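J.: Once you've had a glance at the structure underneath, I'll fire off some questions.
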Amino acid sequence: MSSLQKRLQFTWRLTRVLLHLVVGLWTCAVVFPFADDTGRRWRIRQWSVELLAICRVQVSLHNPGNNVAAVRALIVANHISWLDIFAINSIQTCSFVGKSDIRDWPLLGWLCEKGGTIFIARGKQRDVRRIFQGLVTSIEAGERVAFFPEGTTAPQGALLPFHANLFEAALDARVPVQPYALRYLDAQGALHPAADFIGDMTFAQSMIAILQGEPMKAELIQLAPIETAGLHRRQLATAAQGLIAEALGQSQAEQASAAA
């Protein structure tokens, strides 16, 4: 394929993403105020599926040992990219707890807010206390609430220590923790380099890398639910991290190195 053809394909994909964002903005502004919860969840899921298709990201759900996902649970996963939210939403719509920085993303930040994302400022315990009871209430009402315990994105192949604070919501709501392991693979089954969204990389730079790169497969691995009765939030965080690390093929030595 010539360089001109590649540029034309990139331009076409970028145009489709921008048009899809406009559709999302219109839906949130015009349709959501008149839609019920079921209608909003359905539209969020469909929009996520279509965004991933434009970005040439195919999502597959794996259930090792035929694990049955907990119906009412606090969902946790490792965090690689802004794609993570839409990969999970394409399977099951969730209300996410996200970094307050996401609000500043062009267009997508506003869409995430309207899609139910709960924003929290990193390092501010007041923010944790402010949203905590809301998370418990949402879980008790049957909503699927999800968060990324690392608190920030990590490069593929690495797993940062899990913060324990928000695991308390599962204890108060008396529901299990449902962990998922997530990775992005290329056609050969290797970790896809364009998925990483780390350091000083901007959202625009990440989008360009994904649209210019080869197609990728988002592999979402559903792990066994962790029962919370009798456990402390730190024990839940440690258990969830261990299960996710094992699913991603990370050794105990690698986990210790990341924590150091």
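The values are calculated or read from the model by the stated rules, or taken from the named source; none is laboratory data. Note that the structure is predicted; figures quoted are calculated from it, not measured. Backbone-built Cβ (ideal geometry, glycine too); neighbour counts: all protein chains shown. Just so you know, the surface numbers come from the protein's heavy atoms only, side chains and all, with ligands and any DNA or RNA stripped out. Shrake-Rupley method; radii C 1.70, N 1.55, O 1.52, S 1.80 Å.
J.: In region 87-102, is there at least one residue being open to solvent by 30 Å² or more (accessible area, probe 1.4 Å), modelled with pLDDT of 75 or more and out of contact with any Cys (no Cβ under 6 Å at 6 or more places or on another chain)?
T.: Looking through region 87-102, at least one residue is open to solvent by 30 Å² or more (accessible area, probe 1.4 Å), modelled with pLDDT of 75 or more and out of contact with any Cys (no Cβ under 6 Å at 6 or more places or on another chain).
J.: Now, a different point. Scan region 166-175 for residues that are open to solvent by 50 Å² or more (accessible area, probe 1.4 Å) and in a helix (DSSP H, G or I) and jot them down.
T.: The answer is 168, 172.
J.: So residue 58 ticks every box in (1) in a helix (DSSP H, G or I); (2) closer than 26 Å to residue 147 by Cβ; (3) at pLDDT 95 or above; (4) more than 14 Å from the chain's Cα centre (by Cα) but one. Which box is left unticked?
T.: (1)
J.: Of the residues in region 176-198, how many are surrounded by 17 or more Cβ atoms within 10 Å (Cβ to Cβ) and either assigned to a strand (DSSP E or B) or out of contact with any helix residue (DSSP H, G or I) (no Cβ under 6 Å at 6 or more places or on another chain) (or both)?
T.: Qualifying residue count for the region: 13.
J.: Would you be able to say whether some residue in region 140-147 is open to solvent by 20 Å² or more (accessible area, probe 1.4 Å), at pLDDT below 90 and over 26 Å from residue 61 (Cα atoms)?
T.: no
J.: If we scan region 169-191, do we find a residue that is basic (Lys, Arg), at pLDDT 95 or above, closer than 28 Å to residue 217 by Cα and under 16 Å from the mean Cα position of the chain (by Cα)?
T.: Within region 169-191 (the criterion being basic (Lys, Arg), at pLDDT 95 or above, closer than 28 Å to residue 217 by Cα and under 16 Å from the mean Cα position of the chain (by Cα)), the answer is yes, since at least one residue qualifies.
J.: So, one more: Starting from residues that are modelled with pLDDT of 75 or more and of a type in the set (A, V, I, L, M), keep the ones in region 103-129 and report whichever is most open to solvent (accessible area, probe 1.4 Å).
T.: So, considering only residues that are modelled with pLDDT of 75 or more and of a type in the set (A, V, I, L, M), the one most open to solvent (accessible area, probe 1.4 Å) is 118.
J.: If residue 156 passes every condition in (1) part of a loop (DSSP other than H, G, I, E, B); (2) open to solvent by 40 Å² or more (accessible area, probe 1.4 Å); (3) in contact (Cβ under 8 Å) with a residue 12 or more places away in the chain but one, which one does it miss?
T.: Checking residue 156 against (1) part of a loop (DSSP other than H, G, I, E, B); (2) open to solvent by 40 Å² or more (accessible area, probe 1.4 Å); (3) in contact (Cβ under 8 Å) with a residue 12 or more places away in the chain, the one that fails is (2).
J.: Please go through region 208-228 and give me each residue that is outside any strand (DSSP E or B), of a type in the set (A, V, I, L, M, F, W, C) and either without any contact (Cβ under 8 Å) to a residue 60 or more places away in the chain or surrounded by fewer than 22 Cβ atoms within 10 Å (Cβ to Cβ) (or both), ordered by number.
T.: 208, 209, 211, 224
J.: Further question on the same structure: Quick one: in region 7-55, of everything that is surrounded by 13 or more Cβ atoms within 10 Å (Cβ to Cβ) and hydroxyl-bearing (Ser, Thr, Tyr), which residue is farthest from the chain's Cα centre (by Cα)?
T.: Here the answer is 27.
J.: Then there's this: Could you tell me which of the residues 72, 16, 40 is over 29 Å from residue 189 (Cβ atoms) and in a helix (DSSP H, G or I)?
T.: Residue meeting the stated conditions: 40.
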